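Engineer: Okay, handing you the structure first.
The values are calculated or read from the model by the stated rules, or taken from the named source; none is laboratory data. In this text, all values refer to a predicted model and were calculated from it rather than measured experimentally. Heads up, the Cβs are rebuilt from the backbone with ideal geometry, glycines too, and the neighbour counts pull from every protein chain shown. Heads up: the accessible areas ignore ligands, DNA and RNA and are worked out on the full protein's heavy atoms, side chains in. Shrake-Rupley method; radii C 1.70, N 1.55, O 1.52, S 1.80 Å.
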Amino acid sequence: MTNELDRTIVELQAELRNAHPDERRQIEAELDLALAECEVLAAEQEGRLSAEPPF
């Protein structure tokens, strides 16, 4: 995982704690995307997922 991605996740989590109810869905969606990207990077590093196309 990259430092930038780590920082983004921490910032989004902090924003979510202090978010106005109208902003929560957008911040949650951004956090979900960042966490998914983190999971993909971890899977690629562990060899569970290949970044190469299957053909």
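Engineer: Mind giving me the nanometre distance, one decimal, between the label points for residue 24 and residue 36, set 7 Å out from Cα along Cα→Cβ?
Structural biologist: Result: 2.1 nm between the two label points.
Engineer: Could you rank 7, 17 by how accessible they are, 1.4 Å probe, largest area first? It would help to have the intermediate numbers written out before the result.
Structural biologist: Numbers: 7 130, 17 175 Å².
Sorted descending by solvent-accessible area, the residues read 17, 7.
Engineer: Ok, one more. For the full complex of protein chains and a 1.4 angstrom probe, list 6, 32, 22 by accessible area with the highest value first.
Structural biologist: Working: 6 55, 32 100, 22 130 Å².
Heavy-atom accessible area, descending, gives 22, 32, 6.
Engineer: Still on this structure, I have one more. To the nearest 0.05, what FRET efficiency results for residue 44 and residue 17 with a Förster distance of 25 Å applied to their C-beta separation? Walk me through the intermediate numbers first.
Structural biologist: Values: r = 30 Å, r/R0 = 1.20.
Once the sixth-power term is evaluated, E becomes 0.25.
Engineer: Could you give the dipole magnitude of the chain about its Cα centre, charging the beta-carbon of Lys and Arg +1 and that of Asp and Glu -1, in debye to the nearest 20?
Structural biologist: For this selection, approximately 140 debye.
Engineer: Hey, could you grab the Kirkwood Rh for segment 1-47? Inverse mean 1/r over distinct alpha carbon pairs, Å, one decimal. Please report the intermediate quantities before stating the final value.
Structural biologist: On the way: mean 1/r = 0.0896 Å⁻¹.
For segment 1-47, the Kirkwood estimate is 11.2 Å.
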